[in-house]
1. Restricting attention to region A:62-74, does a residue exist that is at pLDDT below 80, within 24 Å of residue A:236 (Cα to Cα) and open to solvent by less than 100 Å² (accessible area, probe 1.4 Å)?
2. Looking at region B:46-63, which of the residues that are closer than 21 Å to residue B:17 by Cβ and open to solvent by less than 40 Å² (accessible area, probe 1.4 Å) is farthest from the other protein chains (Cβ to nearest Cβ)?
3. With respect to residue A:132, is the statement that it is in a helix (DSSP H, G or I) and open to solvent by 40 Å² or more (accessible area, probe 1.4 Å) true?
4. Within region A:286-307, can one find any residue that is farther than 28 Å from residue A:175 by Cα, open to solvent by 50 Å² or more (accessible area, probe 1.4 Å), hydroxyl-bearing (Ser, Thr, Tyr) and modelled with pLDDT of 80 or more?
5. Tell me which residues, restricted to region B:109-142, are under 24 Å from the mean Cα position of the chain (by Cα), over 24 Å from residue B:43 (Cβ atoms) and at pLDDT 85 or above.
6. Filtering region A:138-153 down to residues that are open to solvent by less than 10 Å² (accessible area, probe 1.4 Å) and not aliphatic (A, V, I, L, M), which residue is nearest to residue A:238 (Cα to Cα)?
7. Just need a number here: residues in region B:1-29 that are buried (at least 16 other Cβ atoms within 10 Å of the Cβ), within 14 Å of chain A (Cβ to nearest Cβ), assigned to a helix (DSSP H, G or I) and free of Cβ contacts under 8 Å to residues at least 60 places away in the same chain.
8. Report whether or not residue B:49 is at pLDDT 85 or above and either of a type outside the set (D, E, K, R) or within 13 Å of the chain's Cα centre (by Cα) (or both).
Amino acid sequence: MTILALDWFLLIEKLILIAVIIFASLGVALYTTFAERKVAAILQDRPGPNRAGPFGLLQPLADGLKLITKEEIIPTHANKWLFILGPGLAMTAALMTCAVVPWGGTIDVMGHKVDLQIADINIGILYVFAVVSMGVYGVMIGGWASNNKFSLMAALRGASQAISYELAMGLSLIALLMITGSLSLRTIVEQQVGHVWNIVYQPVGFLIFFICALAECNRTPFDLPEAENELNFGYHQEYSSMKLGFYLFSEYINMFISSTIMATMFFGGYDLPFVTSHLTNPGTAAIVGIVVLMTKVVMFIFLFMWIRWTIPRFRYDQLMDLGWKKMIPLALANMLVTGFFILLKQNNWHF
Amino acid sequence: MAITHIIFWFLTALALVSALMVLLSKNPVYSVLWLVAVFFAISGHYILLNAQFLAIVNMIVYAGAIMVLFLFVIMLMNLDKETEPQKDIWMKIAGAVSGGCLLMMFIALVKQATEMTGKTALLKTGSIGLIENLGKALFSDYVVPFEISSVLFLSAMVGAVVIGKK
């Protein structure tokens with residue numbers, strides 16, 4: 001079926017995949033807000049949300065309804081278009097990252113091979129970086145367009161934090177990419193299936209990546225753009241209703257996606273050790289893969305929350321010191337050591 | 001009309017309109033945002049030429065980092081429609097004349113490039129833009145210029161630190 005030089009089956013397949021993955025991301029983000037409140041409650045020895053539905057399971061829906069029905073306010077001297085564009089950009093950038101993540105192996109649908117991944121591009125991880133760096137615009141535009149000093153200060157903080165930690169994040173990934181020799185996320189996962197996960201080769205790289213991911217998602221201890229006691233409420237101070245909801249929501253989606261990236265890059269993605277390489281039926285393998293990946297992601301999200309409710313916030317100069325004077329030199333050293341071992345291995349472990 | 005042609009014309013129109021809007025916007029923040037749109041359109045062209053690495057690096061470096069710093073400066077100085085200094089009429093005329101000279105030079109160059117007539121860009125083929133080939137070219141054929149340019153960057157960084165310390 002080829003009209004207009006297009007493979008329509010491919011188009012429909014990808015459209016369905018995109019719809020499923022976007023709605024799944026939104027659903028996961030919805031229940032991450034619930035999980036966050038429950039985890040906070042457990043850590044603070046209180047019951048947490050338990051009124052709406054059994055065990056409070058309908059709480060996120062109630063929260064969403066509350067946000068939608070609130071009055072939408074655009075401040076008089078705000079820049080109207082950019083004020084609306086800000087949360088939209090933040091949300092778009094958060095959702096676009098999931099395009100290159102492999103969610104499972106290949107399945108058969110009506111004789112067609114369907115990869116459980118929207119796009120397997122050979123620059124996968126760089127694409128993630130590009131989209132993440134676009135996310136900064138959502139914060140900056142929103143903060144500036146609000147025409148509020150506190151919003152502007154928070155936006156500038158957020159942007160400089162994101163740029164500073166992107167550097168260390170990129171350097172920590174270069175060491176990993178030197179080992180894998182590929183930028184495609186699917187190839188990176190397939191190299192780990194049936195072998196040792198990358199975390200064994202790159203423990204320091206993972207640590208740097210994880211800390212930078214915390215900073216990129218504006219999570220405690222790096223939540224300076226939202227530091228209430230210094231900046232009232234941060235870059236989304238003037239926002240209300242669903243526009244505020246978009247900002248808060250994009251944070252949770254970012255958390256979900258960065259957990260997925262970490263699981264994919266360092267913890268084998270959809271690989272279950274000793275099992276995945278022996279599954280012959282592609283359907284079963286796909287289901288097992290998705291469940292395994294989701295379990296890993298949930299564990300990372302829990303780690304994010306655990307850190308948030310345990311560790312206090314950094315001061316701004318400490319944040320910058322950590323990023324520029326500790327993370328980047330550490331990542332560079334990690335890169336050198338990795339390069340040394342790769343050369344040694346190519347030389348059959350002789351000097 | 002194949003799908004690549006449609007995408008090509010769409011991206012071209014987007015790039016030209018955005019580039020015009022960079023100049024025509026009164027508000028500097030809008031100019032920066034339109035410039036980001038230009039970079040996006042050009043990245044799209046790179047992808048059409050199968051130069052995926054160039055496309056994504058263009059987005060990370062220019063749209064993602066340099067333009068954010070531009071936005072930083074503009075926001076910190078709080079430049080806006082009202083506060084932007086208006087140039088006097090002679091400056092505008094001088095700018096138009098020098099810009100026109102540059103345009104004429106470009107047109108003359110394009111007209112002189114006879115070996116390019118009747119040729120179209122290699123769409124979806126060619127592999128020099130892929131990261132593997134680009135890396136090999138940079139680190140074998142062009143290793144000396146590549147390393148010298150990195151020294152240039154280093155000196156720029158040192159210079160920035162020295163100025164910052166004063």
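The values are calculated or read from the model by the stated rules, or taken from the named source; none is laboratory data. Because the structure is a prediction, the values reported are computed rather than measured. Neighbour counts are summed over all protein chains in view; Cβ atoms, including those assigned to glycine, are modelled from backbone coordinates with ideal geometry. Just the protein is used for accessible areas: all its heavy atoms, side chains included, with ligands, DNA and RNA removed. Shrake-Rupley method; radii C 1.70, N 1.55, O 1.52, S 1.80 Å.
1. Of all residues in region A:62-74, those at pLDDT below 80 come to none.
Looking through region A:62-74, none of the residues is at pLDDT below 80, within 24 Å of residue A:236 (Cα to Cα) and open to solvent by less than 100 Å² (accessible area, probe 1.4 Å).
2. Per the stated criteria, the residue is B:48.
3. Details: in a helix (DSSP H, G or I): yes; open to solvent by 40 Å² or more (accessible area, probe 1.4 Å): yes.
Here the answer is yes, as residue A:132 does meet what is asked.
4. no
5. Result: B:109, single match.
6. At the first step, the residues of region A:138-153 found to be open to solvent by less than 10 Å² (accessible area, probe 1.4 Å) are A:138, A:140-143, A:145-146, A:151.
Those left that are additionally not aliphatic (A, V, I, L, M): A:138, A:142-143, A:146, A:151.
On the way: A:138: 14, A:142: 9, A:143: 9, A:146: 6, A:151: 8 Å.
Among them, the one singled out is A:146.
7. Matching residues across region B:1-29 total 3.
8. Working: at pLDDT 85 or above: no; either of a type outside the set (D, E, K, R) or within 13 Å of the chain's Cα centre (by Cα) (or both): yes.
No: the conditions fail for residue B:49.
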